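Chemist: Following this message is one structure expressed as C-alpha cells.
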Amino acid sequence: MTTTMETTTAGGPKQGTAGKYLTFKLAKESFGIQVMQVREIIRLTSITAVPQMPHYIKGVINLRGRIIPVVDLRLKLGVDSIQDSEHTCIIVVQVAAAAGAKPMGLIVDAVEEVVNISAGDLEATPDFGTGVSAEGLLGMAKIKGEVKTLLDIDRILGCEACLSAGAGSF
C-alpha cells in the first residue's frame, strides 16, 4: 500500500510518496527512486556515444536487442564525479514521456538497498530560497540515521533530448 504525504511548505515538493525505494550512491550522497520505476540493474557496459547530445547523456546501450539511452546521473544532478569502480552500474528505469513510458539507463556509483519508507520517515524538501528549484525532488527520507534524497525521476529525465538519443528503437 502506498501513502501520499502532502506538503504545504513554500518551495517544497508537491508530494512525497511513502513506499519502496531503491537507494543508491552518487559520490558521497545517497538517493532513492521508486522501485516501481526500476526495471533492472546491470553492470556498467560499453556505451555507444551519440553526437550532439547534452554532456550528461553518455550514449546508448544495446540491452537484449533494445537501444536504451544512458544518462550519467552524477553529471545530470551536478554531483561530484568519482572514478568508476566495480560497484558502478546502470539502473534501467521506465520514464514517463508524452508518447508513453520509455526505458532509460542511469549510471550510478553503487546500489545500496531496497527500503520501505513510511510517511513518518519523510520530510518535505527544504526551502532553498528564491531562484532554486526543487522540482525534481519528491522529498527527503530519514533512514538509519542518514538522509536520502528521493528523486522524481520522471521530472529529472523527462526531457525530449534524453529520449531522442534512442528514439529510433521505441
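Chemist: Within the range 35-44, is there a residue that is exposed (fewer than 14 other Cβ atoms within 10 Å of the Cβ), farther than 22 Å from A141 by Cβ and either within 18 Å of the chain's Cα centre (by Cα) or modelled with pLDDT of 95 or more (or both)?
Modeler: For the range 35-44, residues exposed (fewer than 14 other Cβ atoms within 10 Å of the Cβ), farther than 22 Å from A141 by Cβ and either within 18 Å of the chain's Cα centre (by Cα) or modelled with pLDDT of 95 or more (or both): present.
Chemist: Suppose the filter is hydroxyl-bearing (S, T, Y), over 17 Å from the mean Cα position of the chain (by Cα) and within 25 Å of A18 (Cβ to Cβ); does S118 pass it?
Modeler: So S118 passes the test.
Chemist: Please work out if S118 is among the polar types (S, T, N, Q) and touching a Lys or Arg at 6+ places or on another chain (Cβ under 7 Å). Even if it seems obvious, please write down each step before you answer.
Modeler: Values: among the polar types (S, T, N, Q): yes; touching a Lys or Arg at 6+ places or on another chain (Cβ under 7 Å): no.
Criteria not met by S118.
The values are calculated or read from the model by the stated rules, or taken from the named source; none is laboratory data. These numbers were taken from a predicted model, which means no experiment stands behind them. Please note: Cβ atoms are built from the backbone with ideal geometry, for glycine as well, and neighbour counts cover all protein chains shown.
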